[in-house]
Amino acid sequence: DVKVTQSSRYLVKRTGEKVFLECVQDMDHENMFWYRQDPGLGLRLIYFSYDVKMKEKGDIPEGYSVSREKKERFSLILESASTNQTSMYLCASSSSGTGTRNEQFFGPGTRLTVL
Amino acid sequence: GNSVTQMEGPVTLSEEAFLTINCTYTATGYPSLFWYVQYPGEGLQLLLKATKADDKGSNKGFEATYRKETTSFHLEKGSVQVSDSAVYFCALRALSGSEKLVFGKGTKLTVNP
């Protein structure tokens, strides 16, 4: 069974802290994504990566950075957390090959609260 | 730019009622279209998809037909169940070779017994 896991389901941090959100997929997928989900706004893409050490900005990259040192792992970093980054963060992965092409597989999400 | 517009929620239905959730899109070229579902406390999972005009995606009793002439991909189910209560997202993948998805804002469905 395909699987995307995220390091925490719930996280509480203080303003100004550096925050790491980890995502691991076991499907050997080339592409990985970080979204944030907010009520009334749906899912918005923060960053994505189509290969190891490669990254591209999504629609709302400000205040975030990412790291992809290994194919299976994609980290989202909040350099200095702020209260407006309180949100649900969803990681996803997809293959660039045929067969399951186009489908993104999602992790369960991390609900981050910044106080 | 590329965008997806889906009907505002929340939607509340009784069990066995007919469901329609409207979704329209704006995109250059011929996008692939998707419906994702998010059950309470979980991540999103693919419900169905269609990759070209007039394709019908179907799964778990849900259906959606890719209508190029109306740029729509409405989700339907003939008889909903309590277990269908979830948030439904319409999405598109716009460009050939691009893996990025553009999502609608989601529609929350509650089905009462």
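Here is how the numbers come out for the structure above:
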| quantity | calculated |
| --- | --- |
| Average Cα contact separation per residue, the stretch A:22-115, under 8 Å, 6 or more apart, as relative contact order % | 29 percent |
| Candidate lysines for bridging to A:K70, where Cα separation is under 23 Å - those fewer than 8 sequence places away on the same chain excluded | A:K3, A:K18, A:K53, A:K55, A:K57, B:K100 |
| Label point distance in nm, B:T71-B:K52, each placed 7 Å from Cα along Cα→Cβ | 2.2 nm |
| At most 11 other Cβ within 10 Å, DSSP loop - GluC sites (Glu not before Pro), the stretch B:1-66 | B:E16 |
| The stretch B:30-60: trypsin sites (Lys or Arg not before Pro) falling in loop per DSSP and having at most 15 other Cβ within 10 Å | B:K52, B:K60 |
| Normalised contact order of the stretch B:29-74, rounded percent, pairs of Cα under 8 Å and 6 or more residues apart | 27 percent |
| Averaged over A:35-45, number of beta-carbon atoms from partner chains that fall within 10 Å | 5 |
| Chain lengthening between B:N112 and B:N22 when straightened (0.36 nm per residue, less Cα-Cα) | 30.3 nm |
| Residue-averaged beta-carbon neighbours from other chains (10 angstrom radius) around B:99-109 | 6 |
| 10 Å Cβ neighbours from other chains, averaged over peptide B:38-46 | 5 |
| Count of lysine pairs in the stretch B:1-93 with Cα separation under 16 Å (8 or more residues apart, or interchain) | 7 |
| Loop-located trypsin sites (Lys or Arg not before Pro) in the stretch A:48-115, at most 16 other Cβ atoms within 10 Å (DSSP) | A:K53, A:K71, A:R101 |
| Burial order of peptide ranges A:4-10, B:1-7 (average beta-carbon count within 10 Å, highest first) | B:1-7, A:4-10 |
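Computed from the coordinates by the stated procedures, all read-outs in this text should not be read as laboratory data. Quick caveat: nothing in here was measured; it's all calculated off a predicted structure. No Cβ is skipped: glycine too gets one built from the backbone with ideal geometry, and neighbour counts run over all protein chains shown.
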